[in-house]
Amino acid sequence: MTVRLDLGLSAPDLTAALCDIPSVSGDEAVLADAVEAALAGHGHLRVDRAGDTVVARTGLSRGERVIVAGHLDTVPVADNLPTRRDGQMLWGRGTVDMKGGVAVALRLAAHVPEPVRDVTYIFYDHEEVEADRSGLARVADRHPEWLAADFAVLMEPTAAQVEGGCNGTVRVAVTVRGLAAHSARWWMGSNAVHAAGEVLDRLRGYVPAEVEVDGLVYREGLNAVDIRGGIAGNVVPDVCVVTVNYRFAPIRSEEEALARLHELFHGYELTTLDSSPGALPGLNHPAAAAFVAAVGAEPRPKHGWTDVARFSTLGVPAVNYGPGDANLAHADDERVDVREVQHCEDRMWAWLTSAPARG
């Protein structure tokens, strides 16, 4: 299947066109083909591809290189495609997360041939699924030179506000042991589900921290997100597993976060299920300061995890900035105000065409 993208469309109309090409995680090839073909026709860009990740770069030998990135995939469609326009609202899967941001990046790539900063545009696959399938991680592993930059903007939905850095996240399984028995002779056993109450009590008693980092206050969180135990309706459970998710401030390392969990759940078996570091805001970097000034927004913290953390591990300070209310991401009634899409394009355009700050 071949689809053509018209990068001459306005950013709002291009958003609709992108959304109307379904690209649920694992099925991004058609959209990636269309993005690659649309960018390949612009002589000021070098276009490369790795899997379903498309990278386009200017080569103007500027004194600074920045990354503008967005993912092509969405969560599954929920009878919310094709898109529909109702006044200033565009409804449909991907309008918020995050094809509005992708549309802005594509417009900039096509129509800003001589930015004052060299730009690497990255359109990547498999963001909405397990981290080990990430197209951005694949590029970092196989083509790290493509990600060399002084600063990065991840066009995740932020309602056109700058969100610096992000919290880290770790999930652990807390295992509580008991002794199986027939439920008719329950006194012969030890109920692991009942004993898990102590784990829940510790969670209820936990006071989440608010941590200031570079002037932004990150709210931590510790929550049980799953609990499992029991094998049959007449058996006293001998094992209960509580899955706990800790969202930790970016000033903490993954090792420190895990140490806090082991301290809190002392006496229980802990198994790490997955872990990703946070990202410091990096707002004191001259390129970041220039970006904040250009978009005219007061920075605020990103409480969720985003791929700014990947850039941070590569030594590239990054912020989140894009159209759309993150609270509507993945919702069946997902929708974006097209004025935000246009506003983000206008502000990004100003940033890429204004003189970079020096420091």
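The values are calculated or read from the model by the stated rules, or taken from the named source; none is laboratory data. Just so we're clear, the structure is a prediction, and the values are computed from it rather than from any experiment. All Cβ positions, even for glycine, are placed from backbone atoms using ideal geometry, and neighbour counts span all protein chains on display.
Looking at this structure, is L261 assigned by TED's automatic domain parsing to the domain that holds L200, surrounded by fewer than 18 Cβ atoms within 10 Å (Cβ to Cβ) and at pLDDT 95 or above? The answer is no for L261. Residues of the stretch 164-213 that are over 30 Å from L280 (Cβ atoms) and either touching a helix residue (DSSP H, G or I) at 6+ places or on another chain (Cβ under 8 Å) or part of a strand (DSSP E or B) (or both): T175, V176, R177, G178, L179, A181, H182, S190.
Taken over the stretch 29-50, the residue count meeting the criterion of being among the small types (G, A, S) and either free of Cβ contacts under 8 Å to residues at least 12 places away in the same chain or more than 19 Å from G101 (Cβ to Cβ) (or both) is 6. All but one of (1) in the same structural domain as F248 (by TED's automatic domain parsing); (2) touching a strand residue (DSSP E or B) at 6+ places or on another chain (Cβ under 9 Å); (3) among the basic types (K, R) hold for R204, so report the exception by its number. Unmet condition: (2).
Residue by residue, here is whether (1) within 30 Å of P82 (Cβ to Cβ); (2) of a type in the set (A, V, I, L, M) holds:
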| site | (1), (2) |
| --- | --- |
| A297 | no, yes |
| K302 | no, no |
| F311 | no, no |
| A329 | yes, yes |
| D337 | yes, no |
| E345 | yes, no |
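With respect to the conditions (1) surrounded by fewer than 20 Cβ atoms within 10 Å (Cβ to Cβ); (2) β-branched (V, I, T); (3) over 15 Å from the mean Cα position of the chain (by Cα), V139 lacks only one, and its number is (1).
A288 meets each of the listed conditions (1) in a helix (DSSP H, G or I); (2) out of contact with any strand residue (DSSP E or B) (no Cβ under 8 Å at 6 or more places or on another chain); (3) closer than 26 Å to V139 by Cβ apart from (2). Scan the stretch 188-205 and tell me whether some residue there is of a type outside the set (A, V, I, L, M, F, W, C), under 19 Å from P317 (Cβ atoms) and either at pLDDT 95 or above or crowded, with 17+ Cβ neighbours inside 10 Å (or both). Looking through the stretch 188-205, none of the residues is of a type outside the set (A, V, I, L, M, F, W, C), under 19 Å from P317 (Cβ atoms) and either at pLDDT 95 or above or crowded, with 17+ Cβ neighbours inside 10 Å (or both). Candidates are the residues of the stretch 315-328 that are surrounded by fewer than 22 Cβ atoms within 10 Å (Cβ to Cβ) and at pLDDT 95 or above; the one that is nearest to D150 (Cα to Cα) is D325. Listed conditions (1) at pLDDT below 95; (2) buried (at least 16 other Cβ atoms within 10 Å of the Cβ) are all met by M1, apart from (2).
Under the condition of being surrounded by 17 or more Cβ atoms within 10 Å (Cβ to Cβ) and in contact with a Phe, Trp or Tyr (Cβ under 8 Å, 6 or more places away or on another chain), the residues counted in the stretch 209-243 number 4.
Determine whether R219 is touching a residue at least 24 places away in the same chain (Cβ under 8 Å) and touching a Pro at 6+ places or on another chain (Cβ under 7 Å). Here the answer is yes, as R219 does meet what is asked.
Can you tell me which residue in the stretch 185-228 is nearest to G168 (Cα to Cα), limited to those that are over 30 Å from the mean Cα position of the chain (by Cα) and of a type in the set (D, E, K, R)? The extreme case among them is D201. The sole residue among A259, A287, A249, A294 that is small (G, A, S) and within 20 Å of the chain's Cα centre (by Cα) is A249.
The single condition among (1) more than 30 Å from P144 (Cβ to Cβ); (2) in contact with a Ser or Thr (Cβ under 7 Å, 6 or more places away or on another chain) that D333 does not meet is (2).
Of the residues making up the stretch 84-133, those that are out of contact with any Asp or Glu (no Cβ under 8 Å at 6 or more places or on another chain), at pLDDT 95 or above and surrounded by fewer than 16 Cβ atoms within 10 Å (Cβ to Cβ) are R84, R85, D86, G87, H111, P113, E114.
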